[in-house]
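I have placed the structure first, in the form of structure tokens, so that the comments after it can refer back to it.
The values are calculated or read from the model by the stated rules, or taken from the named source; none is laboratory data. Here the structure is a predicted model, which is why all the values come from computation and not from measurement. Here Cβ is always computed from backbone atoms with ideal geometry, including for glycine, and neighbour counts include all displayed protein chains.
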Amino acid sequence: MVDGQPTPDAARRRTRAFEWRWYLVPAALIGVLAGVGSYTFVYAKGYSYLTNDPAACANCHVMNEQYDGWTRGSHRAVAVCNDCHTPKGVIGKYVTKANNGFWHSFAFTTGWYPEHIRATPRNKAITEASCQKCHADMTAAIQPQHPKAEATSCVRCHDSVGHLR
């Protein structure tokens, strides 16, 4: 220190130490998020969501009723979960699986899920589109002809077809 002022070397060392701390905070945060994310992915069997196996949907005990209902239902012979619950196309399918998988894993890991699982409006629309696509010969005849009329909803009346209760 010269005349009460820090030397240029001391000031540079202090500045470098201060800058170094700003790299440490984001690195630590990214490390914690990666660790928690990896643990959640392994613990909740997140890798199984990348498959087409319906048993993956029963990883979480709140889905057991839906899985058991599917095994006894009429759709078991012709469709798996992804056929009804993901949109057509690879990108749409995996975007939906990633979104649902993240939130399902989060809810499963934290325990923050309702006792009776509910589909989001987006997932209901995907399921409805799947019904309309597979049963187009039937649904075309019951759709309203007026463009402003409300479309017929298959799942409104047939909500347990894929998952017997």
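Being of a type in the set (Gly, Ala, Ser), surrounded by 11 or more Cβ atoms within 10 Å (Cβ to Cβ) and closer than 21 Å to residue 112 by Cβ holds for only one residue in 79, 58, and it is 58.
In this entry, residue 11 is excluded by the filter for residues that are in a helix (DSSP H, G or I), loosely packed, with under 10 Cβ neighbours inside 10 Å and modelled with pLDDT under 65. Output the helices (runs of 4 or more DSSP H) that fall wholly within region 78-149 and possess 3 or more residues being in contact (Cβ under 8 Å) with a residue 40 or more places away in the chain, under 18 Å from the mean Cα position of the chain (by Cα) and closer than 24 Å to residue 40 by Cβ, or say none. Per the criteria, 90-110.
Scanning for something at pLDDT below 85, outside any helix (DSSP H, G or I) and touching a His at 6+ places or on another chain (Cβ under 7 Å), does region 22-44 turn up at least one residue? Scanning region 22-44, I find no residue that is at pLDDT below 85, outside any helix (DSSP H, G or I) and touching a His at 6+ places or on another chain (Cβ under 7 Å), so the answer is no.
The rows are residues; the columns are (1) in the same structural domain as residue 73 (by TED's automatic domain parsing); (2) farther than 22 Å from residue 99 by Cβ.
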{"residue": "117", "(1), (2)": "yes, no"}
{"residue": "121", "(1), (2)": "yes, no"}
{"residue": "124", "(1), (2)": "yes, no"}
{"residue": "128", "(1), (2)": "yes, no"}
{"residue": "135", "(1), (2)": "yes, yes"}
{"residue": "140", "(1), (2)": "yes, yes"}
{"residue": "147", "(1), (2)": "yes, yes"}
{"residue": "152", "(1), (2)": "yes, yes"}
{"residue": "163", "(1), (2)": "no, no"}
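Quick check on residue 120: is it surrounded by 14 or more Cβ atoms within 10 Å (Cβ to Cβ) and not aliphatic (A, V, I, L, M)? In short, no.
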